[in-house]
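Notes follow the structure.
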Amino acid sequence: MAKTRVVVIEAGPDYTERLEHFEMEVSKDENQAIVEAMKAVEAMGYAVLPEGQGGCCAYVTVSDGEDYIAITVAPGIK
């Protein structure tokens, strides 16, 4: 398990907006970590937009900062 930042991003028809972020313990396997983060964001009341439904939930590697997991959510739902 590793503590990782999860960033919630609202994805509208012509915009994206960072809504909030939090840290959580996730699996060291990136694919499993994304699934765990998606479930945590859903539990917060958001409608997660996964790949294939207009979203992009991904592990993001940053060269000069801290890596994070981006979770896209539908607008206006929470």
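The values are calculated or read from the model by the stated rules, or taken from the named source; none is laboratory data. Just so you know, these numbers come straight off a predicted model, no measurement behind them. Positions of Cβ are generated from backbone atoms using ideal geometry, with glycine treated the same way; all protein chains shown enter the neighbour counts. For the accessible areas, the whole protein counts, side chains as well, though only heavy atoms, and no ligand, DNA or RNA atoms are used. Shrake-Rupley method; radii C 1.70, N 1.55, O 1.52, S 1.80 Å.
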Query raised in the report: Which residues, counting only those in region 58-69, are out of contact with any strand residue (DSSP E or B) (no Cβ under 7 Å at 6 or more places or on another chain) and either open to solvent by 80 Å² or more (accessible area, probe 1.4 Å) or among the hydroxyl-bearing types (S, T, Y) (or both)?
Result: T61, S63, D64
Report summary line: Filtering region 11-33 down to residues that are out of contact with any Lys or Arg (no Cβ under 6 Å at 6 or more places or on another chain) and under 14 Å from M44 (Cα atoms) yields L19, E20, F22, M24
Report summary line: Those residues of region 24-34 which are surrounded by 14 or more Cβ atoms within 10 Å (Cβ to Cβ) and either not in a strand (DSSP E or B) or not hydrophobic (A, V, I, L, M, F, W, C) (or both) amount to S27, E30, A33, I34
**Report entry** Sole exception among (1) among the aromatic types (F, W, Y); (2) modelled with pLDDT of 95 or more; (3) within 13 Å of P75 (Cβ to Cβ) for Y15, by number
**Finding:** (2)
Query raised in the report: Is it the case that some residue within region 27-45 is small (G, A, S) and in contact with a Phe, Trp or Tyr (Cβ under 7 Å, 6 or more places away or on another chain)?
Result: yes
Requested in this report: Among the numbered conditions (1) surrounded by 15 or more Cβ atoms within 10 Å (Cβ to Cβ); (2) in a loop (DSSP other than H, G, I, E, B); (3) free of Cβ contacts under 8 Å to residues at least 40 places away in the same chain, tell me where G55 comes up short.
Outcome: (3)
Query - Criterion: on the phi < 0 side of the Ramachandran plot and in contact with a Pro (Cβ under 8 Å, 6 or more places away or on another chain) - qualifying residue of G55, G12, G65 - result: G12
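To keep it simple, each residue is scored yes or no on (1) assigned to a strand (DSSP E or B); (2) aliphatic (A, V, I, L, M); (3) surrounded by 11 or more Cβ atoms within 10 Å (Cβ to Cβ).
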site	(1), (2), (3)
V8	yes, yes, yes
P13	no, no, no
F22	yes, no, yes
M38	no, yes, yes
E42	no, no, yes
